[in-house]
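Please read the structure below before turning to the comments.
The values are calculated or read from the model by the stated rules, or taken from the named source; none is laboratory data. Note that this is a predicted model, so its numbers are computed, not measured. Positions of Cβ are backbone-derived with ideal geometry, glycine not excepted, and every protein chain shown enters the neighbour counts.
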Ligand SMILES: Cc1ncc(C[n+]2csc(CCOP(=O)(O)OP(=O)(O)O)c2C)c(N)n1
Ligand SMILES: [Mg+2]
């Protein structure tokens, strides 16, 4: 159902629908936007994110590729250099590893290597994270790897609404973007998504909830857990949205107010993005802090299969304990 | 002469028993008579195991599952050509191979229930855990083959992978390395015509997968993958050759995935019912039964007895799988390394405390 609010048509959509609509919108807007990946055409993607796009735009722009992640990303690098806007889908984040050479050795540095003569405006979309009880390597949270590599942007939406605005910006961005879609959120939540196009800036976070005692930084599916665990705390919750470059100013202005910070993420604590955020805050706002920065994150373990999934991922209780520790410090 | 022919390729296809159950006389004489009952009994067992896995999944007692229906001849015919001391490197769809090698079904069920302990291979078998990243297991066969060669042993390695996997760089690197080092590897491509929604014809512009062996300097052959005798024969020859120091072989088992890709898939979205029906008529048990009946090796009473025995075994395996204690959460940390890090020790305390 379409409702008219403030002159804008909006309809409730889940993240699958919002991303699908954005891809269609961007392909309509720019004929150089092309989609490629495994099962993205005829089948509409294993999560149905690209449903109907091949019918609408043809197999020349929505390409079912052979099973070859390195090939998919390597070809995207070539297309991007040539001036196309490839949006590659890697079926699950755990299968991106074969393509890492293309991402780290080429996509991330083509601009630098050619001193600006060639660029790599590609997007790699991939579902990530825990929570769908799938087989091994279907639940990885390897975002920090990509944050570590200069030249790559990393974006994670947390709602259908911001998925649309962020993906449109990612496709129009002139550099490579890894766009991580929390598979747990694909159909779990709905928000009102305007029919009209809109852009949400990369590199900007959003205050999800205002508060004054404690700052919580999270993204993707973890944002919702971190918010649930914050019940009973006067917490300011920041939805990071872009992990790289992350919104330093927003984090700083919040911790200067609260003096306390907890970063929550699914990925293993060691060398996770939380470590970088904690270091940044201790460098830039040490004098404002009333407590050490705490991380609440995955264990140093291989992401488990279905049975132990919930034990790996910080649950509400573990997250709450982190908030309490910081508050009691 | 500006252009001359410097190479020519021949692509062979092997069939021993045709769809009507008639056997090629000269080929069939090369197989021992005792083998057909083994084929029949193992395929029946694997099929029942598979059927029950699918129904357990529907009841919510098992996670996402990859069916082997239609591929039993390719899996079992090949696996039975190996000894328990040989090494088996499976993809994720190789339940039938594991069953044929004697892998406990209770562990297989446990694996598909989402429990890592299901892939802890019992002593006496050398079967690596199922490989989820498609194609990435091919190069492991090279290393295992090098190990065998290094130790001067008479063993072979089987590596299983799909038609989709043949598009990955790993396929090229694996075959090329095995050819260069003349390793005792049998590459068993399970060409079931589909990689989720992508048909074999869209996977490669080449006509067969078997022919690729040509470019790596060793033998490749396509076999009728629904003819268990042909799969067995081709694999046995390759195993014998490998153990005699003759190097690798690529076998393309030409078969068909009759079910959805996994229980999360809906194959009606991308392939026709007619295609599936046509392949159903070619499924491996039909011709095997016809052939065995003519030889006096099959009767209804015999089949009933085999089914009864198999379903008792499957029932027992499910019972044991479901009776297993839940996995210990600490295991996910405990098994990462021999020595745990200090952080991991703290995390273990937190988990257990
Ligand atoms: C590297 C990698 N990419 C993608 C996937 C997702 N996926 C699982 S099975 C499959 C198709 C495999 O096709 P094939 O090799 O023919 O094996 P089959 O499923 O037919 O047995 C895909 C794309 C995966 N598991 N690993
Ligand atoms: Mg296949």
### Condition met for residue B:91 (under 14 Å from the mean Cα position of the chain (by Cα) and assigned to a loop (DSSP other than H, G, I, E, B))
yes
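What residue, of A:210, A:249, is free of Cβ contacts under 8 Å to residues at least 12 places away in the same chain and in the same structural domain as residue A:294 (by TED's automatic domain parsing)? Let's see the steps before the verdict.
Values: A:210 fails: free of Cβ contacts under 8 Å to residues at least 12 places away in the same chain.
Only one candidate qualifies: A:249.
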### Task
Within region A:109-121, track down each residue that is out of contact with any helix residue (DSSP H, G or I) (no Cβ under 9 Å at 6 or more places or on another chain) and touching a residue at least 12 places away in the same chain (Cβ under 8 Å).
A:109, A:111, A:112
### Query
From the residues in region B:199-233 that are within 13 Å of chain A (Cβ to nearest Cβ) and surrounded by fewer than 23 Cβ atoms within 10 Å (Cβ to Cβ), which one is farthest from ligand 2 (Cβ to nearest atom)?
B:205
### Query
Which of the residues belonging to region B:145-190 are under 12 Å from residue B:245 (Cβ atoms) and either within 16 Å of ligand 2 (Cβ to nearest atom) or out of contact with any helix residue (DSSP H, G or I) (no Cβ under 7 Å at 6 or more places or on another chain) (or both)?
B:148, B:149, B:152, B:153, B:182
### Query
Quick one: is residue B:338 at pLDDT 95 or above and either in a helix (DSSP H, G or I) or buried (at least 19 other Cβ atoms within 10 Å of the Cβ) (or both)?
no
### Query
Somewhere in region B:264-273, is a residue modelled with pLDDT of 95 or more and in contact with a helix residue (DSSP H, G or I) (Cβ under 6 Å, 6 or more places away or on another chain)?
no
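Assess whether residue A:178 counts as being in the same structural domain as residue A:154 (by TED's automatic domain parsing) and either touching a helix residue (DSSP H, G or I) at 6+ places or on another chain (Cβ under 8 Å) or surrounded by 17 or more Cβ atoms within 10 Å (Cβ to Cβ) (or both). Break it down stepwise before answering.
Numbers: in the same structural domain as residue A:154 (by TED's automatic domain parsing): yes; either touching a helix residue (DSSP H, G or I) at 6+ places or on another chain (Cβ under 8 Å) or surrounded by 17 or more Cβ atoms within 10 Å (Cβ to Cβ) (or both): yes.
Yes; evaluated as a whole, the condition is true for this residue.
Would you point out the residue of region A:288-316, among those that are surrounded by fewer than 18 Cβ atoms within 10 Å (Cβ to Cβ) and free of Cβ contacts under 8 Å to residues at least 12 places away in the same chain, that is farthest from the other protein chains (Cβ to nearest Cβ)? Before the answer, list the steps.
If we filter region A:288-316 for residues that are surrounded by fewer than 18 Cβ atoms within 10 Å (Cβ to Cβ), which is where we start, we get A:288, A:290-292, A:302, A:310, A:315-316.
From the residues that got through so far, the ones that are free of Cβ contacts under 8 Å to residues at least 12 places away in the same chain too are A:302, A:310.
Values: A:302: 6, A:310: 9 Å.
Filtering first and then ranking leaves A:310.
Quick check on region A:127-143: of everything there that is surrounded by fewer than 22 Cβ atoms within 10 Å (Cβ to Cβ) and within 16 Å of the chain's Cα centre (by Cα), which residue is modelled with the lowest pLDDT?
Initial filter on region A:127-143 (surrounded by fewer than 22 Cβ atoms within 10 Å (Cβ to Cβ)): A:131-133, A:137, A:142.
Among the residues that remain, those that are also within 16 Å of the chain's Cα centre (by Cα) are: A:131, A:142.
On the way: A:131: 88, A:142: 97.
Among residues in region A:127-143 that are surrounded by fewer than 22 Cβ atoms within 10 Å (Cβ to Cβ) and within 16 Å of the chain's Cα centre (by Cα), the one modelled with the lowest pLDDT is A:131.
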### Query
When residues of region B:248-266 are filtered for being touching a strand residue (DSSP E or B) at 6+ places or on another chain (Cβ under 8 Å) and away from ligand 2 (no atom under 16 Å from the Cβ), how many remain?
2
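Could you tell me how many of the residues in region B:132-146 are more than 9 Å from ligand 1 (Cβ to nearest atom) and not in a helix (DSSP H, G or I)?
Step one: filter region B:132-146 for residues more than 9 Å from ligand 1 (Cβ to nearest atom), giving B:137-146.
From what's left, not in a helix (DSSP H, G or I): B:137.
Residues meeting the conditions: 1.
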### Message
So, in region B:153-194, exactly how many residues are free of Cβ contacts under 8 Å to residues at least 60 places away in the same chain and within 11 Å of ligand 1 (Cβ to nearest atom)?
### Response
8
### Task
Quickly run through region A:117-152 and pick out the residues that are closer than 30 Å to residue A:308 by Cα and more than 14 Å from chain B (Cβ to nearest Cβ).
A:124, A:125, A:128, A:129, A:141, A:143, A:144, A:145, A:146, A:147, A:148
### Summary
Taking region B:294-320 and keeping only residues that are surrounded by 15 or more Cβ atoms within 10 Å (Cβ to Cβ) and closer than 16 Å to residue B:39 by Cβ, one is left with B:297, B:298, B:302, B:303, B:306, B:307, B:310
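When you go through B:124, B:114 one by one, which is the residue that is within 14 Å of another protein chain (Cβ to nearest Cβ) and surrounded by fewer than 24 Cβ atoms within 10 Å (Cβ to Cβ)?
On the way: B:124 fails: within 14 Å of another protein chain (Cβ to nearest Cβ).
Just a single option satisfies the conditions, and that option is B:114.
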### Task
Return a yes/no flag: does region A:220-240 have any residue that is without any contact (Cβ under 8 Å) to a residue 12 or more places away in the chain and in a helix (DSSP H, G or I).
no
### Query
Which condition number in (1) in a loop (DSSP other than H, G, I, E, B); (2) on the phi < 0 side of the Ramachandran plot is the one that residue B:124 fails?
(2)
### Query
Does region A:13-21 contain at least one residue that is touching a residue at least 12 places away in the same chain (Cβ under 8 Å) and in a loop (DSSP other than H, G, I, E, B)?
yes
### Summary
residue B:150 fails exactly one of (1) free of Cβ contacts under 8 Å to residues at least 24 places away in the same chain; (2) at positive phi, namely (2)
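Being more than 8 Å from chain A (Cβ to nearest Cβ) and either in contact with a helix residue (DSSP H, G or I) (Cβ under 9 Å, 6 or more places away or on another chain) or modelled with pLDDT under 95 (or both) is the filter here, so list the residues in region B:324-334 that pass it. Give the steps one after another, and end with the answer.
Here is the first cut: in region B:324-334, the residues more than 8 Å from chain A (Cβ to nearest Cβ) are B:324-325, B:328, B:330, B:334.
Selection gives B:324, B:328, B:330, B:334.
Would you say residue B:271 is more than 30 Å from residue B:107 (Cβ to Cβ), within 14 Å of chain A (Cβ to nearest Cβ), surrounded by fewer than 18 Cβ atoms within 10 Å (Cβ to Cβ) and in contact with a strand residue (DSSP E or B) (Cβ under 8 Å, 6 or more places away or on another chain)?
Values: more than 30 Å from residue B:107 (Cβ to Cβ): yes; within 14 Å of chain A (Cβ to nearest Cβ): yes; surrounded by fewer than 18 Cβ atoms within 10 Å (Cβ to Cβ): yes; in contact with a strand residue (DSSP E or B) (Cβ under 8 Å, 6 or more places away or on another chain): yes.
Judged against the criteria, residue B:271 is a match.
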### Task
Hey, can you tell me all the residues within region A:10-59 that are within 14 Å of another protein chain (Cβ to nearest Cβ) and farther than 25 Å from residue A:192 by Cβ?
A:36, A:37, A:38, A:39, A:40, A:41, A:42, A:43, A:46, A:54, A:55, A:59
### Task
Those residues that are in a loop (DSSP other than H, G, I, E, B) and either surrounded by fewer than 24 Cβ atoms within 10 Å (Cβ to Cβ) or within 14 Å of chain A (Cβ to nearest Cβ) (or both), I need them from region B:147-169; list them, please.
B:151, B:152, B:153, B:154, B:155, B:163, B:164, B:168
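Listed residues B:142, B:157, B:132; which is closer than 17 Å to residue A:302 by Cβ and either modelled with pLDDT of 95 or more or under 14 Å from the mean Cα position of the chain (by Cα) (or both)?
B:132
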